[in-house]
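To start, the structure itself, in structure tokens.
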């Protein structure tokens, strides 16, 4: 089986990730719930993971690294906790439903007004629109770092400068890029960075989080047990407890911590170079296949390890099924939870066949996928 | 190390739980995100876990078994998704902050009015108050099944009958009882059953869920990617997708599924009998130690495997530290996130030293804890 669906989840993890989860399941108590050795060990593992993630993201405040179950929860927490009635928000056509649906819900509830920066047919946002859509009450720009459909990156430095010049915050969905590309949070001026643990970070499913810059306060989302200030009617105000009611996924976070160790040792730049080379190899070959349409902007100097294509007018699901059944290649077809991006590309009916690569993808697997696509296109 | 903090998290899991997590981390894709073998395998594992949990809880609707990260999330989802402006809600003094804080927040926002059934000094709710507090607009009784502080059970059949006779729903926090005691959901008339995976169910941290009876509709809590209906502005309405935006914790759920296999094979009644015998053994001995106060009602025919005590006027934290340092016994002191229960018992300043037992606790460990408490009380 050739697994080329790393943008959905990284199937292959560094071996030490699994080892760390096993060790955690044999030794961890409930973090911040008691002072015995197993509970303290859980607290140490979790605090260590905060510190490593802060280092990975160029962020100096580990206590403001908050753990969640996935990027969707991070985004719901951020978007429901940040805005007040009357706020204006700007987002983009590139977004996943995990950004769009929370914002639509706030808009439909009359809480916020929303403008959406259009994308062109290459899948790039209209950067001029970020500035022209600004209003005095614009509280934030919410944007993905990399499209899960085209793999295009958004130029965060550019968007950050626009946000800062208008006094707005920058909220970033790094689902596709955390662990796979450098994201220097403070240097870039990101105010809230949302990530998942099970994709480029190569941690277990059930992990994710967000980094909340000092000066930005999110209202609690889940409230409940906190292990401290038990007699308060409300969730404690200090970070990270403010945003982390209930028992954390200590077992998963131990695995994520081991994964971040691997990333820090290997170097995200090294990972990015390898994935970029694999992506180029695939792109250079498939763009020449007659009948194959490739989506996205491959003139970008850096991008996600994603190449989405279609073959003629064939339904993307049929191509993906053929790749699986005839070639043992796992990819994802369909709508990818990115409805506006499909509309911009004109693929809302056909969907797209997404090939996505990771650290453990080999050149031989890339070449097998190229051959498979050549044969399917020739049919 | 003698681990007697099972009410915080079950440190010792059946070996097949760890094996299932390892296998999942080596094979699962992202459930409901694609149709290749790894993704389908994730979907199968997760659907299997729904079916097993439904069987465990005497519930005929596996598609209405919803996965969350823990009981706190389950309760936030249930309580924020159920009530409408003007609703009246009844809860109890026995509750954990994971019930109280979501309800307080709704009350403070002017969404609901709230009444709280008082507890007596034994820690039992005033059952007459459930009926006398009923109003025409009472939407639900929200109650724990078992107190995390005293281990007392609430008579759910009795509360259910009161709720039903007034047309109100019954929402149950089964954090302390799921997996440890039988909870026949339909037979008892529970409308929403909230549970965590990492305590009596003996699954991994980062797992939990809720069962939502047909006819009860919860508004979505997290919204975002759903893998289906990508072009809808709102979360799909069908269960379970309605309440499960984002990538599920497939790795953790695989472990939880193996844990429920173990519970179904062993029999929850067998587990309950064993834990009850251990609890009785401990209680019968420590209640006779001069200077030791035991909290809770031990005339109950069935209860949680919890015995909370204090030694004279000693701070509960000091006793727990001595148990850890001098005897290697892990327990939990302090406030246990149950502020009103402490007030009813009069232990809000002293806290309480909670001993909690599990399937893997041995009689020798019970006896060591008895001896330790005898020696500490004699000091």
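Using Cα centres only, tell me the gap between the stretch A:324-376 and the stretch A:226-295 in whole Å.
The stretch A:324-376 and the stretch A:226-295 have Cα centres separated by 22 Å.
For A:226, B:147, what's the fewest-to-most ordering of other Cβ within 10 Å of each Cβ?
Neighbour counts put them in this order, fewest first: A:226, B:147.
Relative to the longest principal axis of the C-alpha atoms of chain B, give the angle of the C-alpha long axis of helix B:363-378, reported between 0 and 90° and rounded to the nearest 10°.
50
If you average the alpha carbon positions of the stretch A:303-322 and of the stretch A:125-177, how far apart do those two centres end up, in angstrom?
28
Per residue of A:331-340, count partner chain C-beta atoms within 10 Å of its C-beta, then hand back the mean as an integer.
The shielding value for this peptide is 5.
Distances in nm, one decimal, shortest first, from residue B:314 to the same residue in every other copy, taking the label point 7 angstrom along Cα→Cβ.
Here residue B:314 shows inter-copy label distances of 7.4 nm.
Within a 10 angstrom radius of the beta carbon, how do A:122, A:248 rank from fewest other beta carbons to most?
Fewest-to-most Cβ neighbours within 10 Å comes out as A:122, A:248.
Out of all DSSP beta bridges with both ends in the stretch A:46-179, state the antiparallel percent to the nearest 5.
10
Per residue of B:241-250, what is the mean number of Cβ atoms on other protein chains within 10 angstrom of that residue's Cβ?
6
Sorting check: for B:252-259, A:189-196, which peptide has the highest mean count of neighbouring beta carbons within 10 Å, and how do the rest follow?
By packing density, highest mean first, the sequence is B:252-259, A:189-196.
Relative to the longest principal axis of chain A, what angle (0 to 90°, nearest 10) does the C-alpha long axis of helix A:156-165 take?
For A:156-165 against chain A, the angle is about 50 degrees.
Distances in nm, one decimal, shortest first, from residue A:128 to the same residue in every other copy, taking the label point 7 angstrom along Cα→Cβ.
Sorted ascending, the copy-to-copy spacings read 7.8 nm.
Based on DSSP, what percent of beta bridges with both residues in chain A are antiparallel, to the nearest 5?
That works out to approximately 50 percent antiparallel.
Inside 10 Å of the C-beta atoms of B:322-329, what's the mean count of C-beta atoms belonging to other chains?
Per residue, the average neighbour count from other chains is 1.
Starting from a label point 7 Å past Cα on the Cβ side, list the distances from residue B:367 to the same position in the other copies, nm, shortest first.
So the distances to the same position in the other copies read 6.9 nm.
Give the peptides A:341-351, B:346-356, A:123-133, B:86-96 in descending order of average Cβ contacts within 10 Å, highest first.
Ranked from most to least packed, the peptides come out as B:86-96, B:346-356, A:341-351, A:123-133.
In degrees from 0 to 90, rounded to the nearest 10, what is the angle of the helix B:15-27 Cα long axis to the longest principal axis of chain B?
Its long axis makes an angle of about 30 degrees.
Taking the alpha-carbon centroid of each part, what is the distance from the stretch A:2-16 to the stretch B:98-121 in angstrom?
Comparing the Cα centres of the stretch A:2-16 and the stretch B:98-121, I get a distance of 44 Å.
Restricting the count to DSSP beta bridges whose residues both fall in the protein assembly as shown, what percent are antiparallel, rounded to a multiple of 5?
Of all bridge pairs located within the protein assembly as shown, approximately 50 percent are antiparallel.
Taken together, the values in this text are just the output of simple stated rules run on the coordinates, not laboratory data. Please read these numbers as outputs of a predicted model, since none were measured by experiment. No Cβ is skipped: glycine too gets one built from the backbone with ideal geometry, and neighbour counts run over all protein chains shown.
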